[in-house]
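The values are calculated or read from the model by the stated rules, or taken from the named source; none is laboratory data. Only a predicted model underlies this, so the values are computations on that prediction, with no experimental measurement involved. Reconstructed Cβ throughout: ideal geometry from the backbone, glycine too, with neighbour counts over all protein chains shown.
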(Lines give C-alpha, C1' and ligand atoms only; values in the text may rest on other atoms or scores of the structure.)
Protein backbone atom coordinates (compact mmCIF):
# COMPACT_ATOMS: atom_id res chain seq x y z
CA UNK A 1 0.00 0.00 0.00
CA UNK A 2 2.75 2.45 0.96
CA UNK A 3 4.68 1.82 -2.25
CA UNK A 4 1.65 2.72 -4.38
CA UNK A 5 1.09 5.83 -2.27
CA UNK A 6 4.66 7.01 -2.96
CA UNK A 7 4.18 6.37 -6.70
CA UNK A 8 0.93 8.35 -6.67
CA UNK A 9 2.66 11.28 -4.94
CA UNK A 10 5.43 11.32 -7.58
CA UNK A 11 2.78 11.28 -10.34
CA UNK A 12 1.04 14.30 -8.81
CA UNK A 13 4.32 16.22 -8.39
CA UNK A 14 5.31 15.35 -11.96
CA UNK A 15 2.26 17.35 -13.12
CA UNK A 16 3.16 20.39 -11.00
CA UNK A 17 5.18 23.24 -12.53
CA UNK A 18 7.12 23.84 -9.31
CA UNK A 19 8.63 20.35 -8.93
CA UNK A 20 10.97 19.66 -11.82
CA UNK A 21 13.21 16.75 -10.74
CA UNK A 22 13.62 13.73 -8.43
CA UNK A 23 15.38 16.09 -6.01
CA UNK A 24 12.26 18.29 -5.83
CA UNK A 25 9.98 15.25 -5.46
CA UNK A 26 11.99 14.00 -2.48
CA UNK A 27 12.25 17.44 -0.87
CA UNK A 28 8.53 18.21 -1.17
CA UNK A 29 7.48 14.73 -0.01
CA UNK A 30 9.89 15.13 2.93
CA UNK A 31 8.46 18.25 4.54
CA UNK A 32 4.85 17.01 4.27
CA UNK A 33 5.85 13.55 5.53
CA UNK A 34 7.72 15.18 8.42
CA UNK A 35 4.59 17.08 9.55
CA UNK A 36 2.44 13.95 9.31
CA UNK A 37 5.07 12.05 11.35
CA UNK A 38 5.29 14.85 13.91
CA UNK A 39 1.53 14.76 14.41
CA UNK A 40 1.57 10.95 14.84
CA UNK A 41 4.37 11.30 17.41
CA UNK A 42 2.47 13.99 19.33
CA UNK A 43 -0.79 12.00 19.29
CA UNK A 44 1.05 8.94 20.68
CA UNK A 45 2.69 10.99 23.43
CA UNK A 46 -0.65 12.63 24.29
CA UNK A 47 -2.29 9.20 24.64
CA UNK A 48 0.58 7.92 26.82
CA UNK A 49 0.28 11.00 29.06
CA UNK A 50 -3.49 10.51 29.35
CA UNK A 51 -3.01 6.88 30.45
CA UNK A 52 -0.66 8.13 33.16
CA UNK A 53 -3.16 10.78 34.22
CA UNK A 54 -0.94 13.64 33.01
CA UNK A 55 -1.54 16.54 30.64
CA UNK A 56 0.55 16.56 27.44
CA UNK A 57 1.95 19.89 26.25
CA UNK A 58 1.70 19.85 22.44
CA UNK A 59 4.69 21.24 20.51
CA UNK A 60 2.52 22.51 17.65
CA UNK A 61 -0.32 24.97 18.38
CA UNK A 62 -3.82 23.74 17.54
CA UNK A 63 -4.27 25.94 14.43
CA UNK A 64 -1.13 24.46 12.82
CA UNK A 65 -1.63 20.79 13.72
CA UNK A 66 -2.04 18.24 10.93
CA UNK A 67 -5.72 17.42 11.73
CA UNK A 68 -6.64 21.13 11.62
CA UNK A 69 -5.23 22.33 8.29
CA UNK A 70 -4.07 19.22 6.42
CA UNK A 71 -6.50 16.44 7.16
CA UNK A 72 -9.64 17.42 9.09
CA UNK A 73 -11.88 14.44 9.90
CA UNK A 74 -15.60 14.01 10.47
CA UNK A 75 -16.77 12.53 13.83
CA UNK A 76 -16.78 9.06 12.24
CA UNK A 77 -13.11 9.40 11.21
CA UNK A 78 -13.63 10.04 7.51
CA UNK A 79 -11.85 12.82 5.60
CA UNK A 80 -13.83 16.07 5.94
CA UNK A 81 -13.75 17.59 2.45
CA UNK A 82 -16.11 20.41 3.49
CA UNK A 83 -13.63 21.82 6.00
CA UNK A 84 -10.37 21.03 4.20
CA UNK A 85 -8.45 23.93 2.67
CA UNK A 86 -7.67 23.57 -1.04
CA UNK A 87 -6.56 25.57 -4.07
CA UNK A 88 -5.17 29.06 -3.38
CA UNK A 89 -6.54 29.03 0.18
CA UNK A 90 -4.37 26.02 1.03
CA UNK A 91 -1.30 27.33 -0.79
CA UNK A 92 -1.58 30.75 0.91
CA UNK A 93 -2.01 29.17 4.35
CA UNK A 94 1.07 26.97 3.85
CA UNK A 95 3.30 29.69 2.38
CA UNK A 96 2.20 32.70 4.40
CA UNK A 97 1.23 31.22 7.78
CA UNK A 98 2.41 27.63 8.32
CA UNK A 99 6.02 27.98 7.11
CA UNK A 100 6.72 31.28 8.97
CA UNK A 101 5.21 29.76 12.15
CA UNK A 102 7.35 26.61 11.91
CA UNK A 103 10.49 28.57 10.98
CA UNK A 104 10.07 30.56 14.23
CA UNK A 105 10.67 27.42 16.31
CA UNK A 106 14.43 27.80 15.91
CA UNK A 107 14.40 31.05 17.92
CA UNK A 108 11.99 29.62 20.52
CA UNK A 109 13.85 26.30 21.09
CA UNK A 110 15.80 25.72 24.30
CA UNK A 111 18.75 24.14 22.45
CA UNK A 112 19.98 22.65 19.15
CA UNK A 113 19.31 19.02 20.14
CA UNK A 114 15.57 19.53 20.64
CA UNK A 115 12.84 18.53 18.19
CA UNK A 116 11.70 22.20 18.25
CA UNK A 117 15.09 23.35 16.93
CA UNK A 118 14.98 20.72 14.15
CA UNK A 119 11.52 21.95 13.13
CA UNK A 120 12.82 25.53 12.91
CA UNK A 121 15.91 24.47 10.95
CA UNK A 122 13.95 22.42 8.42
CA UNK A 123 11.35 25.07 7.68
CA UNK A 124 13.90 27.85 7.65
CA UNK A 125 15.81 26.07 4.89
CA UNK A 126 13.20 24.84 2.43
CA UNK A 127 10.12 26.24 0.74
CA UNK A 128 6.90 24.81 -0.55
CA UNK A 129 7.57 24.42 -4.29
CA UNK A 130 4.19 22.91 -5.17
CA UNK A 131 2.58 25.72 -7.17
CA UNK A 132 -0.93 24.33 -7.48
CA UNK A 133 -2.95 24.29 -4.28
CA UNK A 134 -5.02 21.47 -5.81
CA UNK A 135 -1.91 19.33 -6.37
CA UNK A 136 -0.80 20.15 -2.83
CA UNK A 137 -4.19 19.00 -1.50
CA UNK A 138 -3.83 15.68 -3.41
CA UNK A 139 -0.30 15.06 -2.07
CA UNK A 140 -1.43 15.80 1.51
CA UNK A 141 -4.34 13.35 1.19
CA UNK A 142 -2.00 10.62 -0.11
CA UNK A 143 0.45 11.21 2.77
CA UNK A 144 -2.43 11.18 5.26
CA UNK A 145 -3.02 7.55 4.22
CA UNK A 146 0.40 6.60 5.61
CA UNK A 147 0.61 5.25 9.14
CA UNK A 148 3.53 5.33 11.61
CA UNK A 149 1.82 3.36 14.35
CA UNK A 150 3.78 0.09 14.27
CA UNK A 151 7.46 -0.76 13.94
CA UNK A 152 6.65 -2.72 10.75
CA UNK A 153 5.02 0.36 9.19
CA UNK A 154 7.99 2.55 10.10
CA UNK A 155 10.34 -0.09 8.68
CA UNK A 156 8.47 -0.19 5.37
CA UNK A 157 8.35 3.60 5.15
CA UNK A 158 12.10 3.86 5.84
CA UNK A 159 12.80 1.38 3.00
CA UNK A 160 10.60 3.33 0.57
CA UNK A 161 12.23 6.60 1.59
CA UNK A 162 15.68 5.05 1.01
CA UNK A 163 14.46 4.05 -2.48
CA UNK A 164 13.49 7.68 -3.11
CA UNK A 165 16.96 8.85 -2.05
CA UNK A 166 18.52 6.24 -4.35
CA UNK A 167 16.39 7.41 -7.29
CA UNK A 168 17.39 10.98 -6.52
CA UNK A 169 21.07 9.93 -6.64
CA UNK A 170 20.54 8.10 -9.93
CA UNK A 171 18.82 11.16 -11.41
CA UNK A 172 22.26 12.75 -11.84
CA UNK A 173 23.08 16.41 -11.41
CA UNK A 174 23.98 16.89 -7.76
CA UNK A 175 21.63 14.13 -6.55
CA UNK A 176 24.47 11.61 -6.50
CA UNK A 177 26.14 13.59 -3.72
CA UNK A 178 23.54 12.30 -1.32
CA UNK A 179 23.77 8.59 -2.05
CA UNK A 180 26.45 6.07 -1.10
CA UNK A 181 25.62 2.46 -2.08
CA UNK A 182 24.16 0.80 1.02
CA UNK A 183 26.04 -2.54 0.52
CA UNK A 184 29.34 -0.59 0.66
CA UNK A 185 28.19 1.24 3.82
CA UNK A 186 27.18 -2.05 5.47
CA UNK A 187 30.58 -3.61 4.69
CA UNK A 188 32.37 -0.57 6.16
CA UNK A 189 30.27 -0.85 9.35
CA UNK A 190 30.90 -4.60 9.68
CA UNK A 191 34.67 -4.00 9.55
CA UNK A 192 34.50 -1.25 12.23
CA UNK A 193 32.02 -3.29 14.32
CA UNK A 194 30.60 -0.45 16.49
CA UNK A 195 29.34 -1.17 20.00
CA UNK A 196 26.55 0.47 22.00
CA UNK A 197 28.09 3.28 24.03
CA UNK A 198 30.46 4.36 21.27
CA UNK A 199 29.82 7.65 19.45
CA UNK A 200 29.48 7.58 15.64
CA UNK A 201 30.06 10.65 13.46
CA UNK A 202 29.71 11.66 9.82
CA UNK A 203 30.84 15.23 9.08
CA UNK A 204 29.51 15.09 5.49
CA UNK A 205 26.25 13.41 6.40
CA UNK A 206 24.35 13.72 3.08
CA UNK A 207 21.17 11.65 3.41
CA UNK A 208 22.47 10.07 6.67
CA UNK A 209 22.92 6.65 5.07
CA UNK A 210 25.94 5.83 7.25
CA UNK A 211 24.18 6.78 10.50
CA UNK A 212 20.93 4.97 9.59
CA UNK A 213 22.79 1.79 8.62
CA UNK A 214 24.90 1.97 11.81
CA UNK A 215 21.69 2.33 13.85
CA UNK A 216 20.20 -0.75 12.12
CA UNK A 217 23.45 -2.69 12.69
CA UNK A 218 23.52 -1.94 16.43
CA UNK A 219 19.83 -2.73 16.80
CA UNK A 220 20.12 -6.01 14.89
CA UNK A 221 23.12 -7.09 16.99
CA UNK A 222 20.78 -7.25 19.97
CA UNK A 223 17.77 -9.10 18.59
CA UNK A 224 16.41 -12.56 19.24
CA UNK A 225 13.63 -14.04 17.06
CA UNK A 226 12.95 -10.56 15.71
CA UNK A 227 12.51 -9.10 19.22
CA UNK A 228 14.80 -6.37 20.54
CA UNK A 229 16.89 -7.36 23.57
CA UNK A 230 18.11 -3.81 24.20
CA UNK A 231 17.64 -2.37 27.68
CA UNK A 232 15.84 0.94 28.19
CA UNK A 233 19.21 2.50 28.95
CA UNK A 234 20.69 1.15 25.68
CA UNK A 235 17.72 2.46 23.69
CA UNK A 236 18.11 5.91 25.27
CA UNK A 237 21.83 5.86 24.42
CA UNK A 238 21.07 5.00 20.77
CA UNK A 239 18.36 7.66 20.56
CA UNK A 240 20.22 10.55 22.16
CA UNK A 241 23.98 10.14 22.40
CA UNK A 242 25.31 7.80 19.69
CA UNK A 243 24.83 9.34 16.22
CA UNK A 244 26.16 12.74 15.19
CA UNK A 245 26.38 14.47 11.84
CA UNK A 246 26.95 17.78 10.07
CA UNK A 247 25.62 18.82 6.68
CA UNK A 248 26.14 21.99 4.67
CA UNK A 249 23.35 21.71 2.05
CA UNK A 250 19.75 22.49 2.92
CA UNK A 251 18.11 19.69 0.92
CA UNK A 252 20.49 17.02 2.23
CA UNK A 253 19.97 18.30 5.80
CA UNK A 254 16.19 17.91 5.53
CA UNK A 255 16.47 14.45 3.95
CA UNK A 256 18.97 13.32 6.61
CA UNK A 257 16.62 14.37 9.43
CA UNK A 258 13.64 12.63 7.79
CA UNK A 259 15.64 9.49 6.99
CA UNK A 260 16.84 9.13 10.58
CA UNK A 261 13.36 9.79 11.97
CA UNK A 262 11.89 7.05 9.74
CA UNK A 263 14.61 4.67 10.92
CA UNK A 264 13.50 5.34 14.50
CA UNK A 265 15.62 8.21 15.86
CA UNK A 266 13.17 10.88 17.05
CA UNK A 267 15.46 13.95 17.38
CA UNK A 268 18.60 13.35 15.29
CA UNK A 269 21.82 15.10 16.32
CA UNK A 270 22.38 16.57 12.86
CA UNK A 271 23.70 20.12 12.67
CA UNK A 272 23.15 22.28 9.60
CA UNK A 273 26.59 23.83 9.12
CA UNK A 274 29.66 23.87 6.89
CA UNK A 275 31.93 21.39 8.69
CA UNK A 276 35.01 22.84 7.00
CA UNK A 277 34.33 26.35 8.32
CA UNK A 278 35.47 25.09 11.75
CA UNK A 279 39.16 25.58 12.52
CA UNK A 280 40.49 22.12 13.34
CA UNK A 281 42.86 23.52 15.96
CA UNK A 282 39.69 24.34 17.98
CA UNK A 283 38.64 20.66 18.16
CA UNK A 284 39.02 19.49 21.77
CA UNK A 285 38.74 16.06 23.40
CA UNK A 286 35.04 16.61 24.16
CA UNK A 287 34.44 17.12 20.41
CA UNK A 288 35.98 13.78 19.39
CA UNK A 289 34.29 10.51 18.43
CA UNK A 290 34.91 6.77 18.72
CA UNK A 291 33.90 5.99 15.14
CA UNK A 292 33.84 8.02 11.93
CA UNK A 293 32.04 6.81 8.80
CA UNK A 294 31.95 9.13 5.80
CA UNK A 295 31.97 9.67 2.07
CA UNK A 296 33.04 13.34 1.84
CA UNK A 297 32.36 15.24 -1.40
CA UNK A 298 35.12 15.20 -4.01
CA UNK A 299 36.44 18.23 -5.88
CA UNK A 300 34.50 21.32 -4.81
CA UNK A 301 37.32 23.84 -4.64
CA UNK A 302 37.08 25.45 -1.21
CA UNK A 303 37.70 29.17 -0.70
CA UNK A 304 41.01 30.46 0.70
CA UNK A 305 39.47 31.47 4.03
CA UNK A 306 38.17 27.90 4.54
CA UNK A 307 41.60 26.45 3.66
CA UNK A 308 43.10 28.61 6.44
CA UNK A 309 41.34 26.33 8.96
CA UNK A 310 43.70 23.47 8.07
CA UNK A 311 47.46 22.91 8.42
CA UNK A 312 47.63 21.23 4.98
CA UNK A 313 46.30 23.86 2.54
CA UNK A 314 44.36 22.51 -0.45
CA UNK A 315 41.24 23.34 -2.42
CA UNK A 316 40.26 19.64 -2.60
CA UNK A 317 37.26 19.29 -0.29
CA UNK A 318 37.85 15.60 0.45
CA UNK A 319 41.43 16.31 1.61
CA UNK A 320 40.20 18.98 4.03
CA UNK A 321 37.62 16.53 5.35
CA UNK A 322 40.34 13.91 5.85
CA UNK A 323 42.24 16.33 8.10
CA UNK A 324 39.02 17.10 9.99
CA UNK A 325 38.30 13.37 10.47
CA UNK A 326 41.81 12.54 11.73
CA UNK A 327 41.58 15.41 14.23
CA UNK A 328 38.01 14.44 15.24
CA UNK A 329 38.88 10.82 16.14
CA UNK A 330 39.59 9.88 19.73
CA UNK A 331 42.85 8.04 20.37
CA UNK A 332 41.97 4.42 19.65
CA UNK A 333 39.05 5.60 17.51
CA UNK A 334 38.23 3.84 14.22
CA UNK A 335 37.35 5.32 10.85
CA UNK A 336 36.27 4.23 7.37
CA UNK A 337 36.32 6.97 4.73
CA UNK A 338 35.57 6.83 0.98
CA UNK A 339 37.98 8.89 -1.13
CA UNK A 340 39.11 9.15 -4.78
CA UNK A 341 41.75 6.52 -5.59
CA UNK A 342 44.10 9.26 -6.89
CA UNK A 343 44.63 10.16 -3.21
CA UNK A 344 46.94 7.13 -3.03
CA UNK A 345 49.37 8.40 -5.67
CA UNK A 346 48.98 12.14 -6.39
CA UNK A 347 52.37 13.88 -6.28
CA UNK A 348 51.25 17.39 -5.26
CA UNK A 349 52.43 18.69 -1.88
CA UNK A 350 49.01 18.46 -0.20
CA UNK A 351 48.51 14.80 -1.19
CA UNK A 352 51.99 13.78 -0.05
CA UNK A 353 51.63 15.70 3.25
CA UNK A 354 48.21 14.19 3.92
CA UNK A 355 49.40 10.62 3.27
CA UNK A 356 52.37 11.28 5.61
CA UNK A 357 50.00 12.60 8.32
CA UNK A 358 47.69 9.59 7.93
CA UNK A 359 50.48 6.99 8.02
CA UNK A 360 52.33 8.60 10.95
CA UNK A 361 49.36 9.46 13.22
CA UNK A 362 47.08 6.53 12.37
CA UNK A 363 47.26 2.84 11.62
CA UNK A 364 45.98 2.61 8.04
CA UNK A 365 45.30 -1.11 8.31
CA UNK A 366 43.00 -1.65 5.31
CA UNK A 367 42.45 -0.18 1.84
CA UNK A 368 39.44 -1.38 -0.18
CA UNK A 369 39.93 -0.63 -3.88
CA UNK A 370 36.49 -0.19 -5.50
CA UNK A 371 35.86 -0.74 -9.22
CA UNK A 372 34.50 1.88 -11.62
CA UNK A 373 30.70 2.03 -11.50
CA UNK A 374 30.52 1.61 -7.72
CA UNK A 375 29.14 5.15 -7.56
CA UNK A 376 26.65 5.56 -10.38
CA UNK A 377 27.17 8.68 -12.43
CA UNK A 378 30.26 9.76 -10.47
CA UNK A 379 32.82 8.79 -13.15
CA UNK A 380 35.66 8.41 -10.62
CA UNK A 381 37.26 5.35 -9.05
CA UNK A 382 37.30 5.26 -5.28
CA UNK A 383 39.00 3.53 -2.37
CA UNK A 384 37.87 3.12 1.23
CA UNK A 385 40.49 3.89 3.88
CA UNK A 386 40.12 2.05 7.20
CA UNK A 387 42.29 3.45 9.98
CA UNK A 388 42.71 3.64 13.74
CA UNK A 389 44.13 6.69 15.48
CA UNK A 390 46.99 6.68 17.95
CA UNK A 391 49.76 4.52 16.48
CA UNK A 392 51.65 4.73 13.19
CA UNK A 393 50.96 2.37 10.29
CA UNK A 394 53.08 -0.81 10.25
CA UNK A 395 51.23 -2.91 7.66
CA UNK A 396 48.42 -2.11 5.24
CA UNK A 397 46.16 -4.82 3.82
CA UNK A 398 44.77 -4.14 0.33
CA UNK A 399 41.73 -5.75 -1.26
CA UNK A 400 40.81 -5.22 -4.93
CA UNK A 401 37.04 -5.56 -5.26
CA UNK A 402 36.20 -7.29 -8.55
CA UNK A 403 32.52 -8.26 -8.83
CA UNK A 404 33.18 -9.86 -12.23
CA UNK A 405 30.68 -7.70 -14.09
CA UNK A 406 30.15 -4.15 -15.28
CA UNK A 407 28.17 -2.28 -12.68
CA UNK A 408 25.49 0.26 -13.49
CA UNK A 409 21.94 1.35 -12.68
CA UNK A 410 20.48 -2.07 -13.47
CA UNK A 411 23.37 -4.02 -11.99
CA UNK A 412 24.50 -2.19 -8.83
CA UNK A 413 26.81 -3.31 -6.05
CA UNK A 414 25.22 -5.87 -3.69
CA UNK A 415 26.04 -7.36 -0.27
CA UNK A 416 27.31 -10.62 -1.79
CA UNK A 417 29.93 -8.67 -3.78
CA UNK A 418 31.50 -7.53 -0.49
CA UNK A 419 31.11 -10.74 1.55
CA UNK A 420 34.61 -12.05 0.68
CA UNK A 421 36.19 -8.69 1.53
CA UNK A 422 34.56 -8.62 4.99
CA UNK A 423 35.52 -12.26 5.62
CA UNK A 424 39.19 -11.95 4.54
CA UNK A 425 39.64 -8.57 6.24
CA UNK A 426 39.01 -10.04 9.69
CA UNK A 427 42.37 -11.92 9.44
CA UNK A 428 44.09 -9.74 6.77
CA UNK A 429 44.41 -12.92 4.67
CA UNK A 430 46.24 -12.99 1.35
CA UNK A 431 44.34 -14.11 -1.76
CA UNK A 432 44.38 -13.46 -5.49
CA UNK A 433 42.55 -10.19 -4.68
CA UNK A 434 44.28 -9.24 -1.41
CA UNK A 435 47.82 -8.60 -0.19
CA UNK A 436 49.73 -6.75 2.53
CA UNK A 437 52.32 -4.00 2.27
CA UNK A 438 54.81 -3.18 5.03
CA UNK A 439 55.05 0.52 5.89
CA UNK A 440 58.85 0.13 5.85
CA UNK A 441 58.72 -0.41 2.07
CA UNK A 442 56.78 2.81 1.39
CA UNK A 443 58.86 5.61 -0.17
CA UNK A 444 59.36 8.25 2.54
CA UNK A 445 59.66 11.00 -0.10
CA UNK A 446 56.30 10.40 -1.78
CA UNK A 447 54.40 8.12 0.64
CA UNK A 448 52.93 6.58 -2.53
CA UNK A 449 50.23 4.01 -1.71
CA UNK A 450 49.26 3.04 -5.28
CA UNK A 451 47.31 -0.18 -5.50
CA UNK A 452 49.59 -2.84 -7.04
CA UNK A 453 48.33 -6.40 -6.76
CA UNK A 454 51.32 -8.80 -6.63
CA UNK A 455 49.01 -11.85 -6.74
CA UNK A 456 47.72 -11.48 -10.27
CA UNK A 457 45.77 -9.01 -12.29
CA UNK A 458 47.22 -6.07 -14.13
CA UNK A 459 49.31 -3.61 -12.20
CA UNK A 460 47.63 -0.23 -11.90
CA UNK A 461 50.12 2.47 -12.84
CA UNK A 462 49.16 6.11 -12.38
CA UNK A 463 51.07 8.16 -14.97
CA UNK A 464 52.50 11.53 -14.08
CA UNK A 465 50.95 14.58 -15.83
CA UNK A 466 54.33 15.07 -17.61
CA UNK A 467 54.23 11.53 -19.05
CA UNK A 468 50.62 11.99 -20.18
CA UNK A 469 51.49 15.28 -21.96
CA UNK A 470 54.48 13.62 -23.68
CA UNK A 471 52.27 10.74 -24.83
CA UNK A 472 49.69 13.21 -26.24
CA UNK A 473 52.46 15.12 -28.06
CA UNK A 474 53.81 11.86 -29.55
CA UNK A 475 50.33 10.86 -30.74
CA UNK A 476 49.80 14.33 -32.27
CA UNK A 477 53.11 14.02 -34.15
CA UNK A 478 52.11 10.57 -35.39
CA UNK A 479 48.73 11.90 -36.56
CA UNK A 480 50.46 14.76 -38.42
CA UNK A 481 52.71 12.25 -40.26
CA UNK A 482 49.72 10.13 -41.31
CA UNK A 483 47.85 13.22 -42.58
CA UNK A 484 50.95 14.34 -44.54
CA UNK A 485 51.19 10.92 -46.21
CA UNK A 486 47.47 11.03 -47.15
CA UNK A 487 47.86 14.52 -48.62
CA UNK A 488 50.82 13.28 -50.72
CA UNK A 489 48.59 10.60 -52.22
CA UNK A 490 45.83 13.04 -53.25
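Quick notes
- Matching residues, segment 90-111, being part of a loop (DSSP other than H, G, I, E, B) and surrounded by 14 or more Cβ atoms within 10 Å (Cβ to Cβ): 104, 109
- Residues of segment 321-348 that turn out to be more than 15 Å from residue 384 (Cα to Cα) and modelled with pLDDT of 95 or more, as a count: 9
- Of the residues 133, 87, the single one that is in contact with a helix residue (DSSP H, G or I) (Cβ under 7 Å, 6 or more places away or on another chain) and either loosely packed, with under 15 Cβ neighbours inside 10 Å or touching a residue at least 60 places away in the same chain (Cβ under 8 Å) (or both) is 87.
- Segment 391-411: number of residues that are outside any strand (DSSP E or B) and out of contact with any helix residue (DSSP H, G or I) (no Cβ under 8 Å at 6 or more places or on another chain): 7
- Qualifying residue in segment 408-429 (condition: loosely packed, with under 13 Cβ neighbours inside 10 Å, touching a strand residue (DSSP E or B) at 6+ places or on another chain (Cβ under 8 Å) and more than 21 Å from residue 189 (Cβ to Cβ)): no
- The single condition among (1) buried (at least 19 other Cβ atoms within 10 Å of the Cβ); (2) in contact with a helix residue (DSSP H, G or I) (Cβ under 7 Å, 6 or more places away or on another chain); (3) not in a helix (DSSP H, G or I) that residue 351 does not meet is (3).
- Matching option when the condition is at pLDDT below 95 and touching a strand residue (DSSP E or B) at 6+ places or on another chain (Cβ under 6 Å), among 10, 80: 80
- Residues in segment 412-453 that are within 25 Å of residue 358 (Cβ to Cβ) and assigned to a helix (DSSP H, G or I): 8 in all.
- Segments classed as helices (runs of 4 or more DSSP H), wholly inside segment 230-331, with at least 2 members that are touching a residue at least 40 places away in the same chain (Cβ under 8 Å) and surrounded by 19 or more Cβ atoms within 10 Å (Cβ to Cβ): 250-263, 317-328
- Remark: pairs (first residue in segment 460-482, under 28 Å from residue 344 (Cα atoms); second residue part of a helix (DSSP H, G or I) and modelled with pLDDT of 70 or more; Cβ separation under 9 Å; 6+ apart in sequence or on different chains) = 460/341; 462/341; 462/342; 462/344.
- The set of residues in segment 332-348 being farther than 21 Å from residue 448 by Cα and surrounded by fewer than 23 Cβ atoms within 10 Å (Cβ to Cβ) consists of 332 alone.
- Counting the residues of segment 48-84 that are surrounded by 15 or more Cβ atoms within 10 Å (Cβ to Cβ) and not in a loop (DSSP other than H, G, I, E, B) gives 4.
- Filter result for residue 45 (over 29 Å from the mean Cα position of the chain (by Cα), surrounded by 19 or more Cβ atoms within 10 Å (Cβ to Cβ) and part of a helix (DSSP H, G or I)): no
- Residue within segment 219-242 that is under 15 Å from the mean Cα position of the chain (by Cα) and modelled with pLDDT of 90 or more present: no
- Residues of segment 430-457 that are out of contact with any helix residue (DSSP H, G or I) (no Cβ under 9 Å at 6 or more places or on another chain), surrounded by 13 or more Cβ atoms within 10 Å (Cβ to Cβ) and touching a residue at least 24 places away in the same chain (Cβ under 8 Å): 435, 436, 437, 453, 457.
- Residue match in segment 90-104 (condition: modelled with pLDDT under 85 and either under 21 Å from the mean Cα position of the chain (by Cα) or within 22 Å of residue 45 (Cα to Cα) (or both)): no
- So residue 124, is it in a loop (DSSP other than H, G, I, E, B) and either surrounded by 15 or more Cβ atoms within 10 Å (Cβ to Cβ) or free of Cβ contacts under 8 Å to residues at least 24 places away in the same chain (or both): no
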